[in-house]
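Okay, so here's the structure we're looking at.
Read-outs throughout are calculated quantities, based only on the coordinates presented, and are distinct from any laboratory measurement. Fair warning: this is a prediction, and the values are worked out from it, not measured in the lab. Heads up, the Cβs are rebuilt from the backbone with ideal geometry, glycines too, and the neighbour counts pull from every protein chain shown.
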Amino acid sequence: MNDTSLPPSPTRRRLLMAAPLVVAGGAGVAFWRMLSGMSRGSFDPHDIHAPALNRPVPDFALPDQAPGTGFSAQDLRALKTPVLVNYFASWCIPCVAEMPVLNVLKDRLPIWGIAYKDKPEHALGFVQRAGNPYARIAADRDGLTAIDWGVSGVPETFLIGPGGVIRWHTASPITESMIANTIMPLADSLKS
Amino acid sequence: MTTSFLRRGWVMALLACLLLAPVVAIAVDDPSEMLPDPAQEQRAEAIGAQLRCLVCQNESIEDSSADLARDLRHVVREHVAKGESNRQIMDWMVNRYGNFIRLKPPLTIGTLLLWVMPLLALGIGIGVAWWTFRRPRASTPPPLTDEERRRLSDLTRTR
């Protein structure tokens, strides 16, 4: 009857009460997504987003690293199917950790390795102990090719699409969920 | 009272000294890295001081002793010796490592938003406050009806 005389109308009051809750809820959902992305490997706050994405690989030609054969930018640009290029080093612990996963992946997607700033005999020993997941292995002894690729450390992995174009990049060790959720779906889409 | 004030003064002075002490870190740890031409070396150091070491992430490549920082110093010196401009060298680095490599980020929409965010938040706050407090006063309550008047006088009488 005399509702109009009440200063704050109930709907407005409810709206004002809901506003902070909506904001807090939104922030909560955003944080949850971020954290679940971190555990799945799809979001890495330390990743320096490689501006190299969707660009052809830079010019380079690297010598052989036993037991594999070296490769150059031309080799990657001549490809018709995707390959994974993986920078590794014998002195890098996360590289050891990702080897079992790479050994499983190699049957579905060829992996080309680049030994980063490593002694040839050390890199050879590392690859042999790990069970060699690489189809080809090149040696980047002075680390300057890696800088041209925007590599900031090892391991770092690039998915190279047909024509030698960099399609995906990670600066963290490869995990099984990364392969299932990101790498293989992307590689399959690049094949067709 | 005065002693504690004095002591605090000392602490403040010490803090100020620490903060204002010029950071004269010896940039390059190996003299063989340096360019023979002092003018070129100075330029390379100035460029390097603006580039983030991507391993330590909060040091410039001139201050860092990480391996990657040494390689990046070498690359910078190569480019300087080739006679490239500061701008060209900076662009070369940003092309490979993104704006993250610049210790002084460029003014983009993202960074601009970061700077004006406090002002924006204040503006939004003032707007909300204005909207909340202004409206109730704008509407004056309608005069009391006869029945309400009667109830009011009843209530005041019983008291």
Please average, across the residues of A:92-99, the number of beta carbons from any other chain that are within 10 Å of each residue's own beta carbon, and give a whole number. 0
Degrees, to the nearest 10: A:120-130 long Cα axis against longest axis of chain A: 60
If you stretched the chain out fully between B:Val94 and B:Val128, how much longer would it get, using 0.36 nm times the residue separation minus the C-alpha to C-alpha distance? 8.1 nm
What does the charge count around A:Asp118 come to, taking other residues whose C-beta lies under 15 Å from its C-beta (Lys +1, Arg +1, Asp -1, Glu -1)? -3
Separation between Cα centres of the stretch B:51-129 and the stretch A:126-161, rounded to whole Å: 26
A correct fewest-to-most ranking of A:Phe60, A:Phe31, A:Phe88 by other Cβ atoms within 10 Å would be A:Phe31, A:Phe60, A:Phe88
Quick one: what are the phi-derived ³J(HN,Hα) couplings along the stretch B:144-153, Karplus 6.51/-1.76/1.60 with θ = phi - 60°, whole Hz, x for glycine and proline? 5, 7, 4, 5, 5, 4, 4, 4, 4, 5
Shape category assigned to the stretch B:109-158 from the gyration tensor of Cα positions, a/c cut at 1.5: prolate
Contact order normalised by residue count of chain A, Cα under 8 Å, 6+ apart, percent: 27
I'd like the FRET efficiency for B:Ala49 and A:Ser39, computed as 1/(1 + (r/R0)^6) with the beta carbon distance as r and R0 of 41 Å, rounded to 0.05. 0.65
So what's the back-of-envelope 222 nm ellipticity for chain A, counting only DSSP H runs of four-plus at -39500 (n - 2.57) apiece and dividing by all residues, rounded to 500? -12000 deg cm²/dmol
Anchor A:Lys106: aspartates and glutamates whose Cα lies under 15 Å away (excluding residues fewer than 8 positions away in-chain): A:Glu98, A:Glu176, A:Asp188
